[in-house]
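Below you'll find the structure, written out as structure tokens, and then a few comments.
The values are calculated or read from the model by the stated rules, or taken from the named source; none is laboratory data. The shown structure was predicted, so the numbers you read here are calculated from the model rather than taken from an experiment. All Cβ positions, even for glycine, are placed from backbone atoms using ideal geometry, and neighbour counts span all protein chains on display. For accessibility, only protein heavy atoms count, side chains too; no ligands or nucleic acids. Shrake-Rupley method; radii C 1.70, N 1.55, O 1.52, S 1.80 Å.
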Amino acid sequence: MRFVIHQLTWLIGLSVALFFISTSVFAHGVDANTERFLLANQGVAIGIFLYIGAKHMVTGYDHLLFLVGVIFFLFRTKDVLLYVSLFTLGHSLTLLLGVLNNISVNPYLIDAIIGLSVVYKGFDNLGGFQRLLGFQPNTKMAVMIFGLFHGFGLATKLQKFHLPQADLWKNLLAFNVGVELGQFIALVFIVIALNFWRRSQRFYAFATATNTLLMTGGFVLFGFQMTGYLIKG
């Protein structure tokens, strides 16, 4: 009974997360206070950009859902560190290069691709590639490539505020470090929750339902972003 309650809590939590996605997705993940600061900022603000980066990652449902999928079946710490490092490398590169070189990407389309990254990971965890398509993509390469898209998603959120170019790299570096800190904090809780869940003999029985919901969440993200693109893009 306790395990069933735990699973219901997990599913309800995901549903609640998707509800908040639906209400905030068109704002591209930037709250009003952060928006006011970014529009008004004219200089180096290391501490605030560090905080904004951490806050964005901790509240970034798309990034967190993808990370849950990435580490869902990773049982060794070194594997978790490897995959998370590849993801970090990917999104750090495009975040910094995208903003510093003013590489513009439509925010709705890039967020739609990020939604598809969640779909991919859920589908991969279900063994869909092997069962339906007869091949298995390189999972490490896929995580890094999707990390590049996630980084462009972060870059587009900053580019819309036309940050001052003077010492911009300092603020960007602080933002990126904040993202990594937020990612680390989120991962600690995710890993603890997964390790607790894996003690149950029914982990694999509910793994199918969970990854199916993960795919559903990705499709919801994709659908909202494509709707935004068609309406506002």
| field | Qualifying residues in segment 148-161 (those that are open to solvent by less than 10 Å² (accessible area, probe 1.4 Å) and over 19 Å from I46 (Cα atoms)) - the one modelled with the lowest pLDDT | value | G153
| task | Filter segment 128-147 for residues that are closer than 21 Å to L213 by Cα and either in contact (Cβ under 8 Å) with a residue 60 or more places away in the chain or open to solvent by less than 20 Å² (accessible area, probe 1.4 Å) (or both) and give the result. | result | G128, A142, V143, F146
| Any idea how many residues of segment 192-214 are surrounded by fewer than 20 Cβ atoms within 10 Å (Cβ to Cβ) and either under 16 Å from the mean Cα position of the chain (by Cα) or hydrophobic (A, V, I, L, M, F, W, C) (or both)? | 11
| Counting just the residues of segment 162-184 that are surrounded by fewer than 16 Cβ atoms within 10 Å (Cβ to Cβ) and hydrophobic (A, V, I, L, M, F, W, C), which one comes out modelled with the lowest pLDDT? | A166
| task | Output the qualifying pairs, or none if there are none: Cβ atoms under 6 angstrom, residues six or more apart or on different chains, first residue in segment 199-214 and within 14 Å of G128 (Cα to Cα), second residue surrounded by 14 or more Cβ atoms within 10 Å (Cβ to Cβ) and small (G, A, S). | result | N211/G122; L214/G69; L214/G122
| query | Among the numbered criteria (1) assigned to a loop (DSSP other than H, G, I, E, B); (2) of a type in the set (S, T, Y); (3) open to solvent by less than 60 Å² (accessible area, probe 1.4 Å), which single criterion is violated by Y120? | reply | (1)
| task | Give the residues of segment 96-117 that are touching a residue at least 60 places away in the same chain (Cβ under 8 Å), more than 13 Å from the chain's Cα centre (by Cα) and open to solvent by less than 70 Å² (accessible area, probe 1.4 Å), sorted by residue number. | result | L96, G98, V99, N106, P107, Y108, L109
